[in-house]
Each structure stands twice: as C-alpha cells, then as structure tokens.
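As structure tokens, the structure follows; a few thoughts come after it.
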Amino acid sequence: MCGIVGYIGDRVALPILLNGLKRLEYRGYDSAGVAILEDLPLVFKKKGKVAELEKHIGNQKLTGSIGIGHTRWATHGEPNDVNAHPHASMNGKFVIIHNGIIENYARLRERLEARGVTFKSQTDTEVLANLIEYIYEKGQVDAELAVRLALSKVIGAYGLVVMCVGEPDKLIAARKGSPLVIGVGNEEYFIASDATPIVEYTKSVIYLNDGDVAVIKKDQLVLKTMKNDSQSPVIQELSIDIGEIDKGGYDHFMLKEIFEQPRSIQDTFRGRVRSENNEIHLGGLYEVMPRLIESKRIIIIACGTSWHAGLVGEYLFEDFARVNVEVEYASEFRYRNPIINKDDVVIAISQSGETADTLAAIRLAKENGALVLGICNVVGSSIPRETHAGVYTHAGPEIGVASTKAFTCQVTVLAMMAISIGRSKGLIDDTNYRKLIQEFNQIPEKIGEILSQSGHIKQIADKYKNSTNSLYLGRGYLFPVALEGALKLKEISYIHAEGYPAAEMKHGPIALIDQNMPVVVVATKDSSYEKIVSNIQEVKARNGQVIAVVTKGDTIIRQMADYVFEIPETETVFTPLLSVIPLQLFSYYIAVMRGCNVDQPRNLAKSVTVE
Ligand code: AGP
C-alpha cells in the first residue's frame with residue numbers, strides 16, 4: 001500500500017513530487033524518498049514521513065524536470081533509510097519505485113547473486129531494479145524491453161516507475177495488481193498511485209490496467225501490453241476537485257469526513273431516490289436487475305469496515321428482498337474453496353476499489369460464473385473495472401485511514417438496492433415504500449443533528465481516553481454498528497475494543513465486565529429494545545460502565561447508563577446510518593486526546609493492495 005509519484009515535463013520536478021507524496025501519505029508512511037534526474041539520478045530517501053525527507057534534502061538546489069517519488073508501507077525489510085524507495089540498481093543504471101509484492105524475489109535474488117550482483121537492502125524492489133539492469137546489460141536491449149523481460153519473470157503484484165540513466169528522456173511505468181494513474185498535461189505527464197496528487201495539475205487521466213506498460217516522454221506517451229502490442233490510451237476526466245482533498249479547515253481529514261456525511265449520503269442517493277415519482281433508480285444495475293430479482297443467494301465479499309457495511313446489507317436484503325445472504329471476509333472466501341453457483345450474485349464492497357483480497361475474491365467468483373457487482377467509492381479503480389456492474393458511492397475522496405463516510409454511503413447504497421429489489425418483487429407495498437423514500441430524504445438532516453452534539457460526545461470521550469479495553473454491543477441492524485464502532489476505536493486510539501452481538505454477552509464476554517471496562521451499547525428503539533435493556537442491566541449489575549447510543553427522548557436507558565448519545569428517531573433500516581455517527585466521533589476525540597496520529601494510524605494504510 002505504498003504511494004508512488006512521478007513527473008516528466010518542463011517544471012522543476014522536486015516540489016511536484018514532494019507535494020504529491022504528502023497527498024499520498026495516507027497510503028503508507030514509514031519512509032519516503034525521491035530521485036531527481038540531474039546529470040545523473042540523485043536519490044534522497046529517509047525513514048519516517050515526508051517531512052523527514054524534506055529536512056534530509058534541505059536547501060539542495062535540484063532543478064531536474066524528471067523525477068520519481070515513493071512513500072512506503074513496508075512489506076519486505078523493516079522501515080529504514082536503506083529499505084526506503086527509490087532503489088538504484090547495482091551499477092546505477094536504473095532507479096525504480098514500486099508498490100506491490102514480488103513473491104518470487106528470493107529466488108530471483110539468489111540467481112542474481114550467483115551472477116555476481118550485489119544488494120544493499122532487504123527489499124523485493126531492489127531485486128527488480130537489479131534484474132532489469134542485468135537484462136539491459138547482458139541482453140544489450142533497450143530500457144523498455146529490459147523492463148518487460150524482467151517483469152515477465154516476476155510473480156506478484158506491482159505498480160512501478162523506472163528511470164534509466166542511458167535513456168534520460170523518459171519514464172517507464174508498468175502495472176499489475178497495484179494501481180497507477182497517469183495525468184495528461186500540456187507537454188508534461190504526472191504519474192501517481194491514485195488521482196489525488198494529480199488533480200491540481202490536470203483532470204485528464206489515463207488509468208493503467210493490469211499488464212500495461214507505458215513509455216512516457218514529456219511530449220509523448222506510448223502505451224503497450226506486456227506482449228509489446230500497442231494500445232490506444234483512454235483519457236478520462238476526473239470528477240473530483242482540489243478542494244475535496246484538503247482538510248478544509250478541520251484538524252484532521254477524519255473529522256472533515258465525519259462532518260461531510262450529510263452531504264456525502266445526499267450525493268449518494270441524489271438522482272437515485274426520486275421522491276417526486278416515488279421510485280428508486282440505480283442506473284448501474286439497470287441491466288442486471290432481472291438477475292438480482294430472481295437470484296436465490298447473494299454473497300457479499302469485503303474487508304474491514306466495508307465488511308461491516310456488508311453485514312448491514314445482510315439484514316437489509318433478508319428484510320426487504322427476502323433472499324439468502326452470506327457475508328464473507330474476502331481473504332477467507334478466496335482461499336476456502338467456496339461453493340459458488342452460476343445463479344449466485346456476488347457483491348464486492350470496497351472504498352478504495354484496490355483491496356487485493358477483495359479483487360482476488362471477485363476474480364474467483366467470476367471464474368465460477370457468478371454475476372459480480374461492485375459498490376465502490378473511487379471511479380476508475382480496479383474493482384469497478386473488474387465487476388460486471390455496480391454502484392458508486394459518491395462519498396468523495398476519503399483520505400483518513402479510518403473509514404467513516406464511505407461506510408455510511410455503502411450502507412446507503414445497500415439500502416437502495418435491497419428496497420429496490422424488494423419493491424420489484426412486490427414485497428413492499430406503496431405506503432411502506434413511500435415512507436422509506438421519504439425517510440431517506442430525512443437522513444442527512446438527522447445526521448446533522450447528531451453532529452451538533454459533538455461537544456457532548458467529546459466530553460464523554462475525555463472520561464474514557466485512558467481505557468485499556470472496551471466492549472461494543474448491539475443487536476440486529478446494530479450488531480454490525482457495534483463491530484464498526486469497535487474497529488474505529490482500536491484502529492485510531494490503539495485501545496483494544498471488541499464488538500459483540502449483545503445476546504452473546506452471557507456466553508463469555510460478561511466475564512470481562514468490571515468497573516474498568518467501558519461497555520458501549522447501541523440501543524436505539526427497535527424490536528429488540530427490551531432485550532438490550534436487559535443486557536444493559538446485566539452490565540450494570542457487575543459494576544460495568546455503560547455508554548449507550550439511544551433514540552432521542554429515551555428515558556428508560558437514560559436512567560441506567562452512565563452516559564448516553566442520542567440519535568433522532570428513524571426507520572429501523574436507517575438506524576445504522578445514524579447510530580454509527582456518535583461512535584465515529586467518540587473514537588476520533590479519544591484518539592486525539594491520546595495524541596495518536598488520527599489520519600495515519602501506526603501500522604495501517606488506507607488501501608490494502610497487498611495480501
Ligand atoms: C477501516 O477503517 C479500515 N481503514 C479498513 O478496515 C478498510 O475498511 C479495509 O481495508 C477495506 O478497505 P476498502 O473498503 O478500500 O476495500
């Protein structure tokens with residue numbers, strides 16, 4: 001999950017590269033480096049964040065207009081200066097940056113060492129740099145052919161950019177499994193792992209596909225396949241604006257994205273939930289809707305927060321569409337030898353559209369003949385290009401590593417899908433359908449009402465910022481919300497938190513309850529309300545601390561719990577959209593009070609493009 005940038009044109013490359021790396025830092029941030037082509041490539045690389053690299057470069061005057069840069073999330077070799085990218089080949093003829101994993105790097109390294117090649121780092125990327133140079137020198141071939149021949153020997157995933165001293169007027173980019181986007185300027189090109197470093201310079205982009213090799217000069221881009229077949233590059237126009245990738249006055253991207261949710265949910269259902277003529281219309285599914293309606297089973301595959309959204313989807317599809325649903329961790333599904341039938345519908349959920357396990361699960365499902373749909377937030381990313389059809393969440397760029405607005409937009413899409421299918425199957429009458437459509441339109445305002453309580457939530461967070469453990473409980477639609485709340489807390493504050501179905505307490509976790517264990521209970525008014533009231537009483541009977549998310553005006557739980565977060569009343573189907581908001585803010589404030597790096601938590605990266 002590293003970040004890659006490259007530039008070739010007439011501008012001074014260094015500031016473009018550093019600015020781009022800062023915009024990509026959410027993808028990985030344990031070390032960073034740049035290579036600028038002066039007479040020879042000058043390489044600067046440093047453990048730590050991009051700011052450390054800037055200090056390391058200092059006031060050196062670097063005027064080169066061709067360069068590459070990289071911010072790393074370590075896979076092979078610990079985070080340090082030597083293992084940071086870019087990596088130069090042994091004789092210095094090539095300098096490369098790489099996102100992905102070369103799975104057969106050890107074997108390749110052995111064969112190169114047996115031929116006298118020496119190494120400085122423990123990385124797989126340096127093996128690739130030396131393999132390219134070895135072929136270039138021994139085979140007396142040009143840089144492009146050396147790159148293609150070297151990559152033909154590689155097993156694994158890569159998004160890479162290569163600089164060659166002998167051919168200083170070009171950069172060579174190649175992609176297999178790790179994303180690469182090329183921004184098309186006026187006699188200049190910008191290369192990056194995603195569009196965020198490019199959009200301020202140009203909105204015209206080319207998304208590389210697996211197997212693509214691009215030879216880029218400042219005034220010419222030649223696109224080929226690994227087999228050297230020429231291709232016509234497809235130039236697309238970005239729909240994001242520079243303002244969407246700045247903090248916009250918030251302290252952190254995560255806080256901005258939490259507060260963007262009224263708008264991002266509105267953007268997600270705008271034009272799709274049509275109250276004027278009482279219908280839900282998902283254009284991306286129009287062609288496949290008949291298969292969705294007659295499907296006997298839906299398999300949802302995802303990871304992390306997206307998997308929690310999928311779990312909400314299970315309740316939605318069973319409630320409204322009356323269809324069997326399985327929710328699978330993509331990483332388990334892909335290796336479990338699952339039963340996949342031709343009339344199954346597989347729904348892949350992913351914010352980034354680049355999660356390696358989810359992509360692999362998609363390919364497995366397609367091989368078995370299932371209809372594969374995607375719910376994704378990044379236009380042009382791999383998952384939308386590999387699925388048969390799908391629906392974009394219009395959440396806008398989500399930069400904070402902890403997913404927030406993507407989750408609520410994913411649930412919004414799943415709700416639209418489930419209700420739309422249920423309506424098409426004649427399972428939702430006019431009155432209920434109209435009520436659901438009207439409530440959709442109320443959600444952004446209701447979320448705004450919850451966000452206005454952020455001061456209260458911050459006060460409660462202050463009381464629990466020093467906890468060492470926490471339990472999150474919920475039932476029904478709110479069980480996945482409990483899981484999501486626990487994930488938010490642990491991934492940004494490093495407090496261990498566990499989500500559980502509330503009824504499961506008695507089967508083990510209740511042993512954990514004491515006066516030091518905060519228990520967050522998502523307990524809004526629904527069909528299992530009385531049951532969850534009992535669960536709260538069980539916790540209180542053992543001196544547990546209870547923080548409850550309740551429906552506005554609830555007086556019963558208010559008397560039992562130590563603290564409550566109120567959310568406006570809504571239809572049960574929409575309670576996940578509202579009840580998750582206080583939990584997002586609760587985790588955010590605790591993490592800030594603990595001095596954690598909220599937008600770039602330790603060990604994590606925004607897009608898990610490796611297995
Ligand atoms: C959630 O806050 C995490 N950042 C992580 O679990 C994430 O949801 C997971 O890696 C899946 O990412 P995706 O939605 O981009 O596929």
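Output the number of residues of segment 341-366 satisfying the condition of being open to solvent by 10 Å² or more (accessible area, probe 1.4 Å), at pLDDT 95 or above and under 18 Å from V288 (Cα atoms).
Summing the residues that are open to solvent by 10 Å² or more (accessible area, probe 1.4 Å), at pLDDT 95 or above and under 18 Å from V288 (Cα atoms) in segment 341-366 gives 1.
Looking at segment 35-43, is at least one residue within 19 Å of G100 (Cα to Cα) and open to solvent by 20 Å² or more (accessible area, probe 1.4 Å)?
No: zero hits.
What is the one condition in (1) within 30 Å of G100 (Cα to Cα); (2) more than 14 Å from the ligand (Cβ to nearest atom) that V550 does not satisfy?
(1)
Based on this model, can you work out whether P601 counts as in a helix (DSSP H, G or I) and in contact (Cβ under 8 Å) with a residue 12 or more places away in the chain?
no
Can you confirm whether I265 is away from the ligand (no atom under 16 Å from the Cβ), in contact with an Asp or Glu (Cβ under 8 Å, 6 or more places away or on another chain) and either open to solvent by less than 10 Å² (accessible area, probe 1.4 Å) or in a loop (DSSP other than H, G, I, E, B) (or both)?
On the way: away from the ligand (no atom under 16 Å from the Cβ): yes; in contact with an Asp or Glu (Cβ under 8 Å, 6 or more places away or on another chain): no; either open to solvent by less than 10 Å² (accessible area, probe 1.4 Å) or in a loop (DSSP other than H, G, I, E, B) (or both): yes.
In short, no.
Condition first: more than 19 Å from I383 (Cα to Cα) and of a type in the set (V, I, T). Can you find one or more residues in segment 341-354 that meet it?
no
Tell me which residues, restricted to segment 440-468, are loosely packed, with under 15 Cβ neighbours inside 10 Å and either in contact with a strand residue (DSSP E or B) (Cβ under 8 Å, 6 or more places away or on another chain) or within 14 Å of N278 (Cα to Cα) (or both).
N441, K463, T468
Provide a single number: the residues in segment 506-551 that are open to solvent by less than 40 Å² (accessible area, probe 1.4 Å) and either closer than 24 Å to I457 by Cβ or out of contact with any strand residue (DSSP E or B) (no Cβ under 7 Å at 6 or more places or on another chain) (or both). Spell out how you get there, then give the answer.
Initially, segment 506-551 is screened for residues open to solvent by less than 40 Å² (accessible area, probe 1.4 Å), giving 508-510, 513, 517-524, 526, 528-529, 532-533, 535-536, 539, 544, 546-551.
Still in the running and either closer than 24 Å to I457 by Cβ or out of contact with any strand residue (DSSP E or B) (no Cβ under 7 Å at 6 or more places or on another chain) (or both): 508, 510, 513, 517-524, 526, 528-529, 532-533, 535-536, 539, 544, 546-551.
Selection size over segment 506-551: 26.
Just checking, does segment 385-394 include any residue being part of a loop (DSSP other than H, G, I, E, B), within 14 Å of the ligand (Cβ to nearest atom) and open to solvent by less than 40 Å² (accessible area, probe 1.4 Å)?
Yes, that holds for at least one residue.
Working only within segment 375-384, note down all residues that are outside any loop (DSSP other than H, G, I, E, B), open to solvent by less than 10 Å² (accessible area, probe 1.4 Å) and either under 19 Å from E287 (Cα atoms) or not hydroxyl-bearing (S, T, Y) (or both).
I375, C376, I383
Give me the pairs, please: first residue somewhere in segment 273-289 and more than 22 Å from I443 (Cα to Cα), second residue anywhere and of a type outside the set (S, T, Y) and in a helix (DSSP H, G or I), beta-carbon distance under 8 Å, and either six or more positions apart or on two chains.
L285/L292; L285/M417; M289/I421
Just one of (1) touching a Ser or Thr at 6+ places or on another chain (Cβ under 8 Å); (2) crowded, with 23+ Cβ neighbours inside 10 Å; (3) not in a helix (DSSP H, G or I) trips up G400, so point out which.
That leaves (1) as the condition not met.
Tell me the helices (runs of 4 or more DSSP H) entirely within segment 526-598 that contain at least 3 residues that are of a type outside the set (F, W, Y) and farther than 25 Å from Y494 by Cα.
529-540, 556-560
Give the residue, chosen from A541, A561, A605, A591, that is touching a Phe, Trp or Tyr at 6+ places or on another chain (Cβ under 9 Å) and more than 18 Å from A497 (Cα to Cα).
Numbers: A541 fails: touching a Phe, Trp or Tyr at 6+ places or on another chain (Cβ under 9 Å); A561 fails: touching a Phe, Trp or Tyr at 6+ places or on another chain (Cβ under 9 Å); A591 fails: more than 18 Å from A497 (Cα to Cα).
After applying the criteria, what remains is A605.
For segment 189-201, which residues satisfy the criterion of being crowded, with 19+ Cβ neighbours inside 10 Å, part of a loop (DSSP other than H, G, I, E, B) and out of contact with any Phe, Trp or Tyr (no Cβ under 6 Å at 6 or more places or on another chain)?
Once the filter is applied, which keeps residues that are crowded, with 19+ Cβ neighbours inside 10 Å, part of a loop (DSSP other than H, G, I, E, B) and out of contact with any Phe, Trp or Tyr (no Cβ under 6 Å at 6 or more places or on another chain), segment 189-201 yields S193, D194, A195, T196, P197, V199.
Output the qualifying pairs, or none if there are none: Cβ atoms under 6 angstrom, residues six or more apart or on different chains, first residue in segment 513-536 and in contact (Cβ under 8 Å) with a residue 24 or more places away in the chain, second residue open to solvent by 20 Å² or more (accessible area, probe 1.4 Å) and of a type in the set (D, E, K, R).
Final answer for the pair search is I513/R542; S528/R475; I532/R475.
Among (1) in contact with a His (Cβ under 9 Å, 6 or more places away or on another chain); (2) within 16 Å of the ligand (Cβ to nearest atom); (3) not small (G, A, S), which single condition is F565 missing?
Among (1) in contact with a His (Cβ under 9 Å, 6 or more places away or on another chain); (2) within 16 Å of the ligand (Cβ to nearest atom); (3) not small (G, A, S), the lone unmet condition for F565 is (2).
Which members of segment 275-301 meet the condition of being of a type in the set (G, A, S) and at pLDDT 90 or above?
Listed by number, the list holds a single entry, S295.
Output the number of the condition that P509 fails; it satisfies all remaining conditions of (1) at pLDDT 95 or above; (2) touching a Phe, Trp or Tyr at 6+ places or on another chain (Cβ under 6 Å).
(1)
Within segment 238-255, is there a residue that is assigned to a loop (DSSP other than H, G, I, E, B), under 25 Å from E439 (Cα atoms), out of contact with any Gly (no Cβ under 7 Å at 6 or more places or on another chain) and of a type in the set (K, R)?
Looking for residues that are assigned to a loop (DSSP other than H, G, I, E, B), under 25 Å from E439 (Cα atoms), out of contact with any Gly (no Cβ under 7 Å at 6 or more places or on another chain) and of a type in the set (K, R), one finds none in segment 238-255, hence no.
Keeping to segment 120-157, report how many residues are modelled with pLDDT of 95 or more, of a type in the set (D, E, K, R) and within 29 Å of the chain's Cα centre (by Cα).
1
Given the conditions (1) of a type outside the set (D, E, K, R); (2) touching a Phe, Trp or Tyr at 6+ places or on another chain (Cβ under 9 Å); (3) free of Cβ contacts under 8 Å to residues at least 60 places away in the same chain; (4) assigned to a helix (DSSP H, G or I), and given that S470 satisfies all but one, which numbered condition is not satisfied?
Against the list (1) of a type outside the set (D, E, K, R); (2) touching a Phe, Trp or Tyr at 6+ places or on another chain (Cβ under 9 Å); (3) free of Cβ contacts under 8 Å to residues at least 60 places away in the same chain; (4) assigned to a helix (DSSP H, G or I), S470 comes up short only on (4).
Can A214 be described as surrounded by 19 or more Cβ atoms within 10 Å (Cβ to Cβ), touching a residue at least 24 places away in the same chain (Cβ under 8 Å) and part of a loop (DSSP other than H, G, I, E, B)?
No, not satisfied.
The values are calculated or read from the model by the stated rules, or taken from the named source; none is laboratory data. Computed from a prediction, not measured in an experiment: that's the story for all the values here. Heads up, the Cβs are rebuilt from the backbone with ideal geometry, glycines too, and the neighbour counts pull from every protein chain shown. Note: areas computed on protein heavy atoms with side chains; ligands, DNA, RNA excluded. Shrake-Rupley method; radii C 1.70, N 1.55, O 1.52, S 1.80 Å.
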